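In what follows, a single structure is set out as structure tokens and then discussed.
Each value in this text was obtained by applying a stated rule to the coordinates, not by laboratory testing. As the structure is a computational prediction, the values presented were derived from the model and not from experiment. All Cβ positions, even for glycine, are placed from backbone atoms using ideal geometry, and neighbour counts span all protein chains on display.
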Amino acid sequence: MFQEKVETRRREEMIPLTLQVAEALEKSRMRSGLCVIYVPHTTAGVTINENADPDVCKDILMGLGKIAPLNWQYSHGEGNSDAHLKASIVGSSVVIPVEDGKLLLGTWQGIYFCEFDGPRTRHVLYQFIPAAPTQVVEE
Amino acid sequence: MFQEKVETRRREEMIPLTLQVAEALEKSRMRSGLCVIYVPHTTAGVTINENADPDVCKDILMGLGKIAPLNWQYSHGEGNSDAHLKASIVGSSVVIPVEDGKLLLGTWQGIYFCEFDGPRTRHVLYQFIPAAPTQVVEE
Amino acid sequence: MFQEKVETRRREEMIPLTLQVAEALEKSRMRSGLCVIYVPHTTAGVTINENADPDVCKDILMGLGKIAPLNWQYSHGEGNSDAHLKASIVGSSVVIPVEDGKLLLGTWQGIYFCEFDGPRTRHVLYQFIPAAPTQVVEE
């Protein structure tokens, strides 16, 4: 298990985690298995999406703001129900297969911490679960 | 593997599962690994969100009702396509890391069964997947 | 680890994977554990939903098209930001518990590859993570 601090600087922000996850995987020495990224917060999430053009993250945050707007008639008194709703839409974890000690992310995939109610000090957990020793790659 | 019955009482409802999952984890005796919560239904889901103010769950159900309304022009004849759509948005599983025999939920996180087409008798599965014995906590 | 090619034929399409996953599980010879289905793309996803009436998939694609429309004012120049947004809503993986060598899918559940920006040649990964040998089914 690895835990990392993430300092967010805006109310809504997508922060790349791919390099940090790859580094934790290397330290874990796991060759084959499952990488789990877990966010222990209720107004933040984690997703996998495009790692090349930063406009994609901008569009995702813009889109989520239209899908779950801040100004609906919510009951919760803290004024951040939109962020709770986004957390349940995007999810609090992602899993990625690992083979030969590498994350099997696609060419264009990056891992992003999703802040929906910042700025805050956040944490993220990385966990590595080994596959059975007999598994092999097949097509 | 543990299976539990969930009796829902309304069309839409979020039912806390955290205590039940913690109890199943204790019975499993797993110290370190991954807890998987799986919903074997297509008009229900499972999510992790705020465990303190029940208004957050109310806001999430209200918000999902605006995001995927009952009265769109759907093709499926059973009149519950909104519930199928919500199930795919929220998802049919969550995973939570376990260390020292404890769920690593954040302070404000609770686990919720999400009924989108009740009332019904539902089931939920809890599964525990061990980490490699050599893993340690690092920051 | 198993990798499979998926040829999609429309811009948006849900393609059943259940039989292929069951076949890969059989080849893996895993009796008890977790099946992970992973999509290494940023404009596609994977979900679990109704396996009987194909109108449900039609309604899900229609609904996602209303939730994340093609014609919003996006920044990303490729004209497929709606597909990236849908990928983050639906997610890039699903997990399914396995017991006695069988996927514990519910009666009405099927696994679907979700194409949001096709037609394209896509890939999907199936991974099998064993449970601890001591686990038993309890209710």
Spin-label pair B:Asp53/C:Lys5, simplified geometry with 7 Å Cα→Cβ offset, distance in nm: 5.4
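Can you list which of the trypsin sites (Lys or Arg not before Pro) found in the range A:40-139 are DSSP loop residues with at most 15 other C-beta atoms within 10 Å?
Working: sites: A:Lys58, A:Lys66, A:Lys86, A:Lys102, A:Arg120, A:Arg122; in loops: A:Arg120.
Answer in residue order: A:Arg120.
With Cβ to Cβ distances under 11 Å as the rule, what net charge do the other residues near A:Pro69 carry (K, R +1; D, E -1)?
Working: positive: A:Lys66, A:Lys86, B:Lys66; negative: A:Asp82.
Net charge in that neighbourhood comes out at +2.
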Summed residue charge, Cβ within 12 Å of B:Pro119's Cβ, Lys/Arg positive, Asp/Glu negative: 0
The range C:51-116-the range C:1-33 distance, computed between alpha-carbon centres (Å): 15
Principal axis dimensions, largest first and in whole angstrom, of the range B:51-91 by Cα: 38, 19, 14
Stokes-Einstein diffusion coefficient of the protein assembly as shown, Kirkwood radius over Cα pairs, 4 °C, 1.567 mPa s, in µm²/s: 62
Straight-distance crosslink candidates among lysines, where the alpha carbon sits under 24 Å from A:Lys102 and sequence neighbours closer than 8 are dropped: A:Lys5, A:Lys27, C:Lys5, C:Lys27
Residue order, fewest to most surrounding Cβ atoms within 10 angstrom, among B:Cys35, B:Cys114: B:Cys35, B:Cys114
Highest-fluctuation residue, B:Ala68, B:Ala24, B:Ala83 considered, GNM on chain B with Cα pairs under 10 Å: B:Ala68
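Quick one: net charge of B:Leu103's neighbours, Cβ under 15 Å, K/R +1, D/E -1?
Working: positive: B:Lys27, B:Arg29, B:Arg31, B:Lys102; negative: B:Glu23, B:Glu26, B:Glu99, B:Asp100.
Value of the local net charge: 0.
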Relative contact order %, the range B:58-139, counting alpha carbon pairs below 8 Å whose residues are six or more apart: 19
19 Å tail of the calculated P(r), chain A, as % of Cα pairs: 53
Selected from B:Asn71, B:Asn80, B:Asn49 as most flexible by GNM, with chain B as the system and alpha-carbon contacts under 10 Å: B:Asn71
Relative contact order computed over chain A (Cα-Cα under 8 Å; 6+ residues apart), in percent: 52
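Dipole size in debye (nearest 20) for the range A:9-130 around its Cα centre, Lys and Arg Cβ +1, Asp and Glu Cβ -1?
Result for the range A:9-130 is approximately 280 debye, rounded to the nearest 20.
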3J(HN,Hα) from dihedral phi, the range B:25-37, Karplus parametrisation 6.51/-1.76/1.60, rounded to Hz, x for glycine, proline: 4, 4, 4, 5, 6, 6, 8, 8, x, 10, 9, 10, 10
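At 222 nm, what helix-only mean residue ellipticity would chain B give, in deg cm²/dmol to the nearest 500, using -39500 (n - 2.57) for each DSSP H run of four or more?
Working: 3 runs with 34 residues, N = 139.
Rounded to the nearest 500, it is -7500 deg cm²/dmol.
Using the crude model of +1 on Lys and Arg Cβ and -1 on Asp and Glu Cβ, and no other charge, please compute the dipole size for the protein assembly as shown relative to its Cα centre, in debye to 20.
Values: 39 positive and 54 negative charges, 30 e Å.
In total the dipole reaches around 140 debye.
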Fewest-first sequence of C:Asp55, C:Asp117 by Cβ atoms within 10 Å of each Cβ: C:Asp55, C:Asp117
